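Below: one structure, written as structure tokens.
What follows draws every value from the coordinates through simple rules; no lab data is involved. Quick caveat: nothing in here was measured; it's all calculated off a predicted structure. So basically every Cβ, Gly included, is an ideal-geometry build from the backbone, and we count neighbours across all protein chains shown.
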Ligand code: URA
Ligand code: SF4
């Protein structure tokens, strides 16, 4: 059993915060351990909660489409969330919930050692880089310590504003180019 499988089992059985009492299934991150990039969303939605897999609902379809546009194979990238259980009615996860869950994300980063962490939307931006105003800062690469981050919008934003679909696609294309190039 490798480290990622162990982590996934730990998440599946986790009761560290109150979201464990309302979730159907916890949603561990998914993807290969040697992925060069980790995509970080906010929290599972309804479909993810039912299936136990990240980004498999409407937002997931938008993400898949943008990945394909960028020439990134979804099965070769790692996809996860700031919190691994669905907040009731898709409310934003609370500070306590994010803090309770943060060690899992930290471990995912340590095991995979991605070249780039791709932040999807304000929740991940706030949690990982203390950032806000994603629409002003998207499309940028940022280095913190030894780690590169790429910032873009959350795929669900496209549901409410269809014009953002091309923004997400173009951003992921830039990300794909950064992955190809020698960033340092
Ligand atoms: N939105 C997220 O942030 N994560 C998912 O897994 C699905 C929708
Ligand atoms: Fe555990 Fe995270 Fe789920 Fe809370 S959200 S129960 S900390 S896995």
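The angle between the Cα long axis of helix 58-69 and the longest principal axis of the Cα atoms of the chain comes to about 30 degrees, rounded to the nearest 10.
For the range 149-166, backbone nitrogen atoms closer than 12 Å to the point 7 Å from residue 68 Cα along Cα-to-C-beta are found at no residue. Against the chain, whose longest principal axis is taken from its Cα atoms, helix 3-12 shows a tilt of about 50°. Within the range 52-91, name every residue whose backbone N is under 14 Å away from a label modeled 7 Å from Cα of residue 12 along the Cβ vector. From the range 52-91, the list is 52-54. The angle separating the long axis of helix 95-112 from the principal Cα axis of greatest extent in the chain is about 60 degrees. Modelled this way, with points 7 Å down the Cα-to-C-beta line, the labels at residue 89 and residue 130 are 3.2 nm from one another. Annotation: the chain has a Kirkwood hydrodynamic radius of 16.3 angstrom, from the mean reciprocal C-alpha pair distance.
Binning all Cα-Cα separations of the range 1-74 at 10 Å, short to long from zero, yields these whole-percent fractions: 17, 47, 29, 6. Using C-alpha pairs under 8 Å with a sequence gap of at least 6, the mean separation divided by the residue count of the range 80-152 gives a relative contact order of 28 percent.
In plain terms, if you count all Cα to Cα distances in the range 36-98 and split them into 10 Å steps from zero, the share in each step is 22, 51, 24, 3 percent.
Counting only DSSP beta bridges whose two residues both lie in the range 34-184, roughly 25 percent are antiparallel.
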